[in-house]
1. Please name all residue pairs, on different chains or six or more residues apart, with Cβ atoms under 8 Å, provided the first residue is in region B:170-188 and is under 14 Å from residue B:235 (Cα atoms) and more than 10 Å from every other protein chain (Cβ to nearest Cβ) and the second residue is among the small types (Gly, Ala, Ser) and open to solvent by 10 Å² or more (accessible area, probe 1.4 Å).
2. Only one residue in B:197, B:182 is open to solvent by less than 40 Å² (accessible area, probe 1.4 Å) and in the same structural domain as residue B:141 (by TED's automatic domain parsing). Which one?
3. What residue, of A:249, A:261, is more than 8 Å from chain B (Cβ to nearest Cβ), part of a helix (DSSP H, G or I), open to solvent by less than 10 Å² (accessible area, probe 1.4 Å) and in contact (Cβ under 8 Å) with a residue 40 or more places away in the chain?
4. Applying the selection to region A:155-169, what residues are within 12 Å of another protein chain (Cβ to nearest Cβ) and surrounded by fewer than 19 Cβ atoms within 10 Å (Cβ to Cβ)?
Protein chains: 2
Amino acid sequence: MDRDQVTGLALAVSSSLFIGTSYIIKKKGLRRASATGLRAGAGGFTYLRDPVWWLGLMTMVVGELANFAAYAFAPAMLVTPLGSLSIIVSAIFAHIMLNEKLNIFGMTGCLECIAGSTIIVLHVPEEIPLHSVLEVWEHAMQPGFLMYALAAVGGSVYLAWVVAPKHGATNIFVCLAICSLIGSLTVVSCKGLGIAIKLTVEGSTQLWYPQTYLFAMIVAACVVTQMNYLNKSLDLFNTAIVSPLYYVMFTSFTILASLIMFQNPQSWWQITSEVCGFLTVVGGTFLLHTTKDMEVSWSSISSLARRQQTGGTHNSKKDDASRELLPLVATGEQS
Amino acid sequence: MDRDQVTGLALAVSSSLFIGTSYIIKKKGLRRASATGLRAGAGGFTYLRDPVWWLGLMTMVVGELANFAAYAFAPAMLVTPLGSLSIIVSAIFAHIMLNEKLNIFGMTGCLECIAGSTIIVLHVPEEIPLHSVLEVWEHAMQPGFLMYALAAVGGSVYLAWVVAPKHGATNIFVCLAICSLIGSLTVVSCKGLGIAIKLTVEGSTQLWYPQTYLFAMIVAACVVTQMNYLNKSLDLFNTAIVSPLYYVMFTSFTILASLIMFQNPQSWWQITSEVCGFLTVVGGTFLLHTTKDMEVSWSSISSLARRQQTGGTHNSKKDDASRELLPLVATGEQS
């Protein structure tokens, strides 16, 4: 890993810290506000006068800026999957500060997310060095990427105009697909704009190139579309299922777009490791979200570790006879 | 990966296939037997006359032999963690053949186990080439490994004689620690014996060395002890918690013993990747076992994906106000 990648990694991780914390601070603000006026869920706007809520909003803005900056330094294949860390930060802080206890499955989910993210970080491809916004533009103008961009925009338009009116409110994948396809273009254009700003700050101004402004306009258009459809999804469906699905789809399309655009050379085993890391994070995210409201206490798990009742209905007694020859392999006997 | 490692990998995977399948076949046999006589759990022995049960037992023996042979070809750091694959095989076959439906969390657990195992396989260290059982013996006679072996045996004796009489029946870790400490010595001595047999078969006979017979005796003593304490654990505690704990402890001690004995040179990121893969498998195993009897249907999960009730008690509506600025990062909003 070179210096730029380390900077990008640090920015991506701190972005997740800020965004994860912002949920907690905003929720603290909403709770304070609901204590004195009508709560937000019931249509109240007291929270707008609460400084804590504003602090939360600012924290999120800082996080988003750090995330944007991370794209200028490190490959999208590193930055995007690390977004999942903010879920862990948020879950852990909610556990400590909001007294929303994380159950054992949530903790397992956190463990999986951390292990998977680490795998991704360890196997990230080397970034192709870019010295001008024109070079990013050249990458974007390759026939392969143009075809991807065209397919993403065309697919989104088709989904939004033809499919969404009929199935958008009942099928969770419609809005999320639009969101993720456009999101992959957001990331790629963020990368262009981010590199332009980074180079300008470093002294090699990119402000004379029209491409810089074009990237800025694409970023704005993509962000608005993406936000619009993400809001729609969250409004129509349960957050517990929207979040992991959005994570999977958004990250997959972003990695695909990034692979087509930059064609980073990677060995098959590097790609396999990344895919395994990604699948691990997906499983962890799914677990964390779906078991959030589950009533699982440490005691119900640790009771399993207590002496089992003999003569009870427990079916692990059933196969006693088959234990005469037990596997040496640490298999975990399935009785 | 050289040819030997590929052979070892193939043996380890097929061992898991055989052992995983053997549970299913034996259970089929027990079910058939209980239909005609007293069931095993109630003290019956009808199953001993059932050919299906015997087929299951044979399948397990073949699996154990393949596992033993795998140690002769590939590092213990590869073979031992792959034992978890038999849980997946068993869970999937039980789903298909015994109608023991795997729930969505079980499937997530399987996914995690496969992803983690793949990571481990991809990062396994190169095996030090061994040309004689004397070389294995030399490795075992290094002061570092001798100290480990002494500590393992001493610790086990202390646990068995001093701790177990008082706490063995209430603390799950006592029997499992003995089992895992001795298990790590089983693996190391299996490796010695396995290599001796492999070399003998290849034409370079090791039968004149007393070390070969010493390894065979150590294997026998360790296997008996390990089986004894594993049986005790399974008898006293719930399989759902014994299995993942045994997997973690046995694999950890085996990897430790193997590292001390062979001191395979590894880079820090290779070790980190292996640890992450191992943690992923541990999480998956835990999930698979603890959620086995949980009543989670696809429909209860997919109902989350349906249109949510407006005006309901669902708390994801609470933070609507905070959605005006949503993260671009695929975070999964925590409301």
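1. Filtered contacts from region B:170-188: B:174/B:164; B:175/B:164.
2. Testing whether each residue is open to solvent by less than 40 Å² (accessible area, probe 1.4 Å) and in the same structural domain as residue B:141 (by TED's automatic domain parsing) leaves just B:182.
3. After ruling out the rest, the residue left standing is A:261.
4. Residues satisfying the conditions are A:167, A:169.
For (1) closer than 24 Å to residue B:256 by Cβ; (2) part of a loop (DSSP other than H, G, I, E, B); (3) among the charged types (D, E, K, R), each residue gets a yes or a no:
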site: B:169; (1), (2), (3): no, yes, no
site: B:190; (1), (2), (3): yes, no, no
site: B:198; (1), (2), (3): no, no, yes
site: B:208; (1), (2), (3): no, yes, no
site: B:219; (1), (2), (3): yes, no, no
site: B:228; (1), (2), (3): yes, no, no
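The values are calculated or read from the model by the stated rules, or taken from the named source; none is laboratory data. Since we're looking at a predicted model, the values are computed, not measured. Note: ideal-geometry Cβ built from the backbone for every residue, glycine included; neighbour counts use all protein chains shown. Keep in mind that these areas ignore ligands, DNA and RNA; they rest on the heavy atoms of the full protein, side chains included. Shrake-Rupley method; radii C 1.70, N 1.55, O 1.52, S 1.80 Å.
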